[in-house]
Amino acid sequence: MSRTFSIAVIEGDGIGPEVTREAIRATEAAAAISDSRFEWNHFDWGTDYYLKHGKMAADDFLDQLVDYDAILLGAVGHPDVQDHITLNGLLLPIRRRFDQCVCLRPAYLYAGVESPLRDKQPGSIDILVFRENVEGEYANIGGRLYQHQSDEVAVQTSVFTRRGCERIIRAAFEKAMTRPKKHVTSITKSNAQGYGMVLWDEVFTAVATDFPDIATDSLLIDAAVMEFVRRPESFDVVVASNLFGDILTDLGAIIIGSMGLAPSANIDPARKHLSMFEPVHGSAPDITGQGIANPLAAILSAAMMLEHLELPESAAAIHRAVGNQLANDGPRTPDLGGNATTEEVGAAVTALIAGNQQ
């Protein structure tokens, strides 16, 4: 039976509109495989909106998003607008309002892509990071006293709740059950952060007892960063707090060859609210408007959206097309050593998806 999905599109800033266009085209081609249709509603929110109106989005933007099936986001950020304004004005409120507590960020080394790490074989790096997405270090609780004086004080409070820790850790274990390695690594810093991270460790240990078939280990964040470079093959599913997950996934993107290959999903696992899908790379103002941004991260984010919307055949078609294009020396953008444009790469992927239907 044909299904129709309504998607809120926030192309956003910088290269966001460029890569989002290609993600939509790929999704349209893949949707035909599942006899599904997509209705795209575009919103002009972002830093251009901020520079005109003094705010990142309409006052009721969260209410406007409630009835959509998902959000496809391009990027947020602009050199002339401070990052705390862009994040707290749009991205973080969406994550919190819709309880998108799971930020899922895969890092996979494709055939045809060279890792900056020596002698890494295709598929040898296959890391799935579960990043806690609505509390932790990004809770934005605190304040400043005596501003602009020599004795100014700034207090930034991290928030760790047992509920918040348990649901992200449990989600990581449940996913690990579906993967061959069946291994979960917890990232912590409880030797220095004796309250929030000790609670995290305790919850991880408790949840692990419910999954006796899953191997586990726990690493301090500084050791984890080192091991991501030294032996990334040792990782399978990784679960981390908001800040630690953010740091590790940027590193994960680089060791698989490019930020342009890093998709992500912001998910409400309870499915009470809509989820949001976006490439990790950000707005990349240094290449905005040049037509050379890699659209593959946005296209792969769209594949994650299709998976979440329970269209697995369509999602698989995108993954196959991206894999085949990279493995068979298809067009690629400069970040991967090629000279193709954003549109040329996107068109090639879309053609491969359409070809799989014949």
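The values are calculated or read from the model by the stated rules, or taken from the named source; none is laboratory data. Predicted model, so just to flag it, every value in this text is computed and none were measured. Methodologically, a virtual Cβ is constructed for each residue, glycine included, from the backbone with ideal geometry; neighbour enumeration extends over all protein chains shown.
Out of everything in segment 96-121 that is outside any loop (DSSP other than H, G, I, E, B) and either more than 12 Å from the chain's Cα centre (by Cα) or aromatic (Phe, Trp, Tyr) (or both), what residue ends up being surrounded by the most Cβ atoms within 10 Å (Cβ to Cβ)?
My answer is 108.
Would you tally the residues in segment 291-324 being surrounded by fewer than 24 Cβ atoms within 10 Å (Cβ to Cβ) and either not assigned by TED's automatic domain parsing to the domain that holds residue 342 or not aliphatic (A, V, I, L, M) (or both)?
10
Just the residues that are buried (at least 17 other Cβ atoms within 10 Å of the Cβ) and in a strand (DSSP E or B), please, taken from segment 217-247.
Those that are buried (at least 17 other Cβ atoms within 10 Å of the Cβ) and in a strand (DSSP E or B): 218, 219, 237, 238, 239, 240.
Within segment 325-343, can you find the residues that are surrounded by fewer than 18 Cβ atoms within 10 Å (Cβ to Cβ) and either in contact with a Phe, Trp or Tyr (Cβ under 7 Å, 6 or more places away or on another chain) or assigned to a helix (DSSP H, G or I) (or both)?
Correct list: 327, 334, 343.
Which residues, counting only those in segment 122-157, are part of a loop (DSSP other than H, G, I, E, B), within 30 Å of residue 181 (Cβ to Cβ) and not hydroxyl-bearing (Ser, Thr, Tyr)?
122, 123, 125, 133, 134, 135
Could you pull out every one of the strands (runs of 3 or more DSSP E) wholly within segment 1-76 that has 1 or more residues that are in contact with a Phe, Trp or Tyr (Cβ under 9 Å, 6 or more places away or on another chain) and farther than 18 Å from residue 298 by Cβ?
Per the criteria, 3-12, 36-43.
Check off (1) at negative phi; (2) out of contact with any Cys (no Cβ under 6 Å at 6 or more places or on another chain) for residue 142 and give me the number that stays unchecked.
(1)
Between 35, 67, 80, 59, which is at pLDDT below 95, more than 30 Å from residue 290 (Cα to Cα) and not small (Gly, Ala, Ser)? Even if it seems obvious, please write down each step before you answer.
Numbers: 67 fails: at pLDDT below 95; 80 fails: more than 30 Å from residue 290 (Cα to Cα); 59 fails: at pLDDT below 95.
When all the criteria are applied, what remains is 35.
Does residue 294 qualify as being without any contact (Cβ under 8 Å) to a residue 24 or more places away in the chain, of a type in the set (S, T, N, Q) and part of a loop (DSSP other than H, G, I, E, B)?
The answer is no for residue 294.
Which condition number does residue 281 fail, the rest of (1) surrounded by fewer than 23 Cβ atoms within 10 Å (Cβ to Cβ); (2) closer than 19 Å to residue 115 by Cβ being met?
(1)
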